[in-house]
Amino acid sequence: PLFSTKMASGQRQEEERSWLLENGNPKILNKESRHGHGRSRRAHNISSASFRKKSKFTLVSNIRWDSLRNVLANIQEVILGTKLSILFCAIPAAILAHYFRVGRSWIFILSLLGLTPLAERVSFLTEQIAFFTGPTVGGLLNATCGNATELIIAIFALSTNKIAVVKFSLLGSILSNLLLVLGSSLLCGGIANLRVEQKYDRRQADVNSLMLLLALLCLSLPMLFTYSAASPELTVEPSLYLSRASSIVMLAAYFAYLIFQLWTHRQLFEAVDEGEGVNNEAEEEAVIGFWSGFAWLAGMTVFIALLSEYVVDTIEDASDSWGLSVSFLSIILLPIVGNAAEHAGAIIFAFKNKLDISLGVALGSATQIAMFVVPLCVTVAWGMGVNMDLNFNLLETGSLAVAIIVTSFTLQDGTSHYMKGVILLLCYFVIGACFFVQRFPSYPNEFHTLKSGIDSVT
């Protein structure tokens, strides 16, 4: 009887797992494949995993109808399987606020709050799909969907010809990752591990630093080009062509970076979490099916697009209402709120003295935005007939140059202490204060000149 009871219990557990994954054919990984997959998980996935909750299906498993049981189980995993699930309430609140024409500043802040859990869930869904496609395709999904929020916001801003918002938000994401996230991680990790020498793999940091320096060169040349002529109008069209050519070079470099990261030197970018505070067993097996993951990912993308449209439409009204410049909201507020989960995850792992994960999150995101999202926006704008170039203006480009150079010097010796974090954070606060006091619109006149100059040439 005892043997029969154990057999029945095992069969029940297998049935519960089978209805979690559609088609009745779940991909259960064996011990070796689980270990191999776990070693190839990227820092972004491990960082986001710190906000996930293990689901209990006691009530759901009692439902008789298979289809309803599958739907409820997926909802429980995707919607309630994160510690940020309470912020999902901001999504319908933002939609209702837009429908009933509530204050536009409220629409702006509710949309930002709603984007926070959506960004974390996109990371979760791409990892779930990777269980069925393998780590390489999963890495490619991460490389393209890792900053989906910034990319979708940028595309909506381009569709309304708000090039300044695009440039500000992308610049802010890079600065936030390099100075705020990395600085907070080094500071918190250094204080929590005062008597432990903190080390990390410098090779990964060197590769990302080289990529960021290449991005800085491509962003600096169009700006310097405008100062090389007697009149800025003479450089309008050549600067635009230079920006488009530089964007193609940046995308080619990012493609080479993906080959380096996912194939030839994968071991440099693999991150392992020993499981402090994160249930690895739960993360090493798929909890939703392949097609369910794609359906949820498409649905999340739709809501990200909707909230991104609200953010772009209301950012100027929020700026007027709060007395803050658009540059400050785009460079400081948008990146902090939009990637709060990923940033907090990096700090949590720095507390655990796992700086390789923290650096992978901060430097990986900054590299992805600088070398992929920025040039992709230029090429997309090119296809849309929008004249977006890589001239981020003198103040913005100078801030980016300081951030990249200071970060590169900070990470050159392979060790860390809290003083490095203090310096990075102070750099971020000074740059933030600069854009806080900036009240003059530096971009609109420039864009008007860019458009009129090209129109006159063509």
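The values are calculated or read from the model by the stated rules, or taken from the named source; none is laboratory data. Owing to the predicted nature of the structure, the values given are computational and were not obtained by experimental measurement. Neighbour counts run over all protein chains shown; Cβ positions are idealised from the backbone, glycine included. These accessible areas exclude ligands, DNA and RNA; they are computed on the full protein's heavy atoms, side chains included. Shrake-Rupley method; radii C 1.70, N 1.55, O 1.52, S 1.80 Å.
Assorted remarks:
- Estimated at the nearest 10 Å², the accessible area of GLU233 is 100 Å² with a 1.4 Å probe.
- Sequentially through segment 254-263, phi angles give Karplus couplings (6.51, -1.76, 1.60; θ = phi - 60°) of 5, 5, 5, 5, 5, 4, 5, 7, 9, 10 Hz, Gly and Pro residues having no value and appearing as x.
- Pairs spanning more than 20 Å between alpha-carbon atoms, out of LYS199/LYS420; LYS352/LYS420; LYS83/LYS354: LYS83/LYS354.
- Accessible surface ranking for ASP313, ASP413, 1.4 angstrom probe, highest first: ASP413, ASP313.
- Sequence-distant residues sharing a close amide H with GLN198 (under 5 Å, placed H): SER416
- Close amide H partners of THR82, meaning residues 5 or more places away or on another chain with modelled amide H under 5 Å apart, are LYS53.
- The 3J(HN,Hα) values that the Karplus relation (6.51, -1.76, 1.60; θ = phi - 60°) gives for segment 410-424 are, in residue order, 5, 9, 7, 9, x, 10, 9, 8, 5, 5, 5, x, 4, 4, 5 Hz. Gly and Pro appear as x.
- Extension reserve of the ASP317-TYR99 stretch, reckoned as 0.36 nm per residue once the Cα distance is removed: 76.8 nm
- Residue-level accessible surface for TYR254, protein heavy atoms, 1.4 Å, Å²: 10
- For ALA362, net neighbour charge (Lys/Arg +1, Asp/Glu -1) across residues whose Cβ lies under 12 Å away: -2
- Where N is the number of residues in segment 298-350, Cα Rg divided by 2.2 N^0.38 Å: 1.37
- HN-Hα J in Hz across segment 82-92 - Karplus 6.51, -1.76, 1.60, θ = phi - 60°, x for Gly and Pro: 9, 6, 9, 4, 4, 6, 4, 5, 5, 5, x
- Solvent-accessible area of LYS199, all protein chains in place: 130 Å² (probe radius 1.4 Å, heavy atoms, ligands and nucleic acids excluded).
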